[in-house]
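Here's the structure, in structure tokens; my notes come after.
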Amino acid sequence: MKDAAVKFGVDVKVEKAIDHAEIAKFGIASAPGIATDGKIVYTDCRRKPPSRRG
């Protein structure tokens, strides 16, 4: 992410969150996820919970 931001001339601060409690505050069950200005802008959409049938 930082490399892409530099490429476009955007100054960013990148932090890696590893504390599960901190990650859960954003409503994310598992990584990866990207937040900007305190809002989630991306989560790994391939990790969807199984659909319920019936």
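Solvent exposure of Asp11, expressed as accessible area, is near 150 Å², computed with a probe of 1.4 Å over the protein chains only. Extension gain, Ala24 to Val10, is 2.3 nm, computed as 0.36 nm per intervening residue step minus the present C-alpha separation.
The values are calculated or read from the model by the stated rules, or taken from the named source; none is laboratory data. All of these numbers come straight from a predicted model, not from anything done at the bench. What goes into the accessible areas is simple: the full protein's heavy atoms, side chains included, and nothing from ligands, DNA or RNA. Shrake-Rupley method; radii C 1.70, N 1.55, O 1.52, S 1.80 Å.
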